[in-house]
Amino acid sequence: MKIGVFAVLFGSKPLEETLDYLVELGLEAVEIGTGAYPGNAHCDPGRLLSSDARMKEFRQAVERRGLVISALSCHGNPLHPKASTARAHHLAFEQTVRLASRLGVKTVITFSGCPGGDARATHPNWIVAPWPPEFAEALEWQWKERVLPYWRNAARLCRSVGVRVAIEMHPNFAVYNPETMARLREAAPEVIGCNFDPSHMFWQGIDPVAAIRALGDGVFHVHAKDCKLDPANIAVNGVLDAKKYTRELERAWIFRTVGYGHDAAVWKAIVSTLRLVGYDHVLSIEHEDSLMSGAEGLKKAIAFLKDIVIREPAGEAYWV
């Protein structure tokens with residue numbers, strides 16, 4: 001298992017400068033944003049696809065430093081009821097899939113998307129309760145008319161070019177937990193799986209180890225990000241919290257660097273369970289900790305994970 005980073009953390013720096021810094025830190029892999037919400041500061045798929053020379057230059061920039069690209073990421077909402085947003089995010093996804101195929105990158109990461117509640121909607125509608133009954137009806141409409149049709153078509157594209165799509169389970173989107181992930185995977189389990197981010201499980205009250213066991217070989221990629229729960233605030237208002245992330249003292253939870261929300265024993269169990277279900281790819285550090293600078297958070301995450309991830313000697317069992 002390798003340790004890498006989601007390079008959007010360095011979006012203000014040129015690609016090669018970023019890659020040099022990652023090598024200095026001892027990282028082995030990089031996840032690169034290609035559009036939609038992460039932006040494409042380091043990788044513009046349309047530009048690369050239009051030029052073999054630029055494609056070669058991009059590939060060699062990574063390879064000559066001994067790094068691997070763990071995934072290309074274009075987290076977006078291709079089901080957005082606003083047509084222009086849906087088109088832009090679908091284009092980013094389609095170009096990213098084609099670029100991944102050309103680069104030999106196996107995995108593309110995005111969100112499932114979230115449509116509106118009906119064909120006339122102008123804003124996404126995340127539905128999490130069946131009553132009043134119109135909400136249950138709207139939820140079924142979303143899956144039947146928007147979610148499954150889109151992803152069946154997207155799966156055909158992925159299958160045709162030999163790329164898998166890893167859906168990040170995230171609240172405010174149709175797929176946010178293992179149950180909804182399983183429902184989407186029924187459309188094409190061989191090419192649709194998940195990008196597993198424990199931080200999104202923690203704050204929903206989901207045990208990441210139980211979630212990994214449920215997902216099994218559906219785990220295609222992993223983000224290393226933690227979440228700190230605030231019992232005092234949760235006791236009053238529960239875990240649903242729409243306050244800004246910078247209001248840390250008032251929130252039910254905040255994203256943290258790994259080790260600052262849950263201790264090493266929890267993360268050892270997560271890594272061990274990933275190995276038990278057959279995952280042996282990359283732990284991609286995603287920094288969204290509002291209490292630490294990017295540089296500090298990344299360095300602390302690397303040090304923490306190096307004590308968690310133990311290389312498996314040939315012919316021997318793996319335990320942490």
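The values are calculated or read from the model by the stated rules, or taken from the named source; none is laboratory data. Quick caveat: nothing in here was measured; it's all calculated off a predicted structure. With ideal geometry, Cβ positions are generated from the backbone for all residues, glycine too; neighbour counts draw on all protein chains shown. Please note that ligands, DNA and RNA were not included when accessible areas were found on the heavy atoms of the full protein model with its side chains. Shrake-Rupley method; radii C 1.70, N 1.55, O 1.52, S 1.80 Å.
Restricted to region 231-246, and to residues that are within 24 Å of the chain's Cα centre (by Cα) and of a type outside the set (S, T, N, Q), which residue is most open to solvent (accessible area, probe 1.4 Å)? First the steps, then the outcome.
Taking region 231-246 and keeping what is within 24 Å of the chain's Cα centre (by Cα), we get 239-246.
Those still in the list that are of a type outside the set (S, T, N, Q) too: 239-245.
Working: VAL239: 47, LEU240: 119, ASP241: 33, ALA242: 109, LYS243: 57, LYS244: 149, TYR245: 113 Å².
Among those that are within 24 Å of the chain's Cα centre (by Cα) and of a type outside the set (S, T, N, Q), it is LYS244.
For region 142-174, the candidate set comprises residues that are of a type in the set (Val, Ile, Thr) and part of a helix (DSSP H, G or I); within that set, the residue that is least open to solvent (accessible area, probe 1.4 Å) is VAL147.
Does GLU179 satisfy being over 27 Å from ASP207 (Cβ atoms), open to solvent by 50 Å² or more (accessible area, probe 1.4 Å), at pLDDT 95 or above and out of contact with any Gly (no Cβ under 8 Å at 6 or more places or on another chain)?
Details: over 27 Å from ASP207 (Cβ atoms): no; open to solvent by 50 Å² or more (accessible area, probe 1.4 Å): yes; at pLDDT 95 or above: yes; out of contact with any Gly (no Cβ under 8 Å at 6 or more places or on another chain): yes.
In short, no.
The residues in region 92-117 that are in contact (Cβ under 8 Å) with a residue 60 or more places away in the chain and on the phi > 0 side of the Ramachandran plot can be counted, and the count is 1.
Considering only residues that are open to solvent by 40 Å² or more (accessible area, probe 1.4 Å) and either part of a loop (DSSP other than H, G, I, E, B) or within 30 Å of THR273 (Cα to Cα) (or both), which ones fall in region 1-40? Listed by number, the residues that qualify are LYS2, VAL8, LEU9, SER12, LYS13, PRO14, VAL23, GLU24, GLU28, TYR37, ASN40. Residue check: GLY39 meets all listed conditions (1) in contact (Cβ under 8 Å) with a residue 60 or more places away in the chain; (2) closer than 24 Å to PHE196 by Cβ but one, namely (1).
On the stretch given as region 177-222, residues that are β-branched (Val, Ile, Thr) and touching a strand residue (DSSP E or B) at 6+ places or on another chain (Cβ under 6 Å) total 4.
Take region 164-214 and flag every residue that is of a type in the set (Val, Ile, Thr), farther than 22 Å from ASP280 by Cα and over 16 Å from the mean Cα position of the chain (by Cα).
ILE206
State yes or no: is ARG54 open to solvent by 60 Å² or more (accessible area, probe 1.4 Å), charged (D, E, K, R), outside any loop (DSSP other than H, G, I, E, B) and in contact with a helix residue (DSSP H, G or I) (Cβ under 6 Å, 6 or more places away or on another chain)? Against the criterion (open to solvent by 60 Å² or more (accessible area, probe 1.4 Å), charged (D, E, K, R), outside any loop (DSSP other than H, G, I, E, B) and in contact with a helix residue (DSSP H, G or I) (Cβ under 6 Å, 6 or more places away or on another chain)), ARG54 qualifies.
So in region 195-210, with the set limited to residues that are hydrophobic (A, V, I, L, M, F, W, C) and closer than 19 Å to VAL128 by Cα, which one is least open to solvent (accessible area, probe 1.4 Å)? If you could, list the steps in order and put the result at the bottom.
Just the residues of region 195-210 that are hydrophobic (A, V, I, L, M, F, W, C), to begin with: 196, 201-203, 206, 209-210.
Still in the running and closer than 19 Å to VAL128 by Cα: 201-203, 206.
Values: MET201: 1, PHE202: 18, TRP203: 21, ILE206: 41 Å².
Only one residue fits best here, namely MET201.
For LYS225, state whether it is open to solvent by 20 Å² or more (accessible area, probe 1.4 Å) and either farther than 22 Å from GLY297 by Cβ or modelled with pLDDT of 95 or more (or both).
On the way: open to solvent by 20 Å² or more (accessible area, probe 1.4 Å): no; either farther than 22 Å from GLY297 by Cβ or modelled with pLDDT of 95 or more (or both): yes.
Taking the combined requirement at face value, the residue does not satisfy it.
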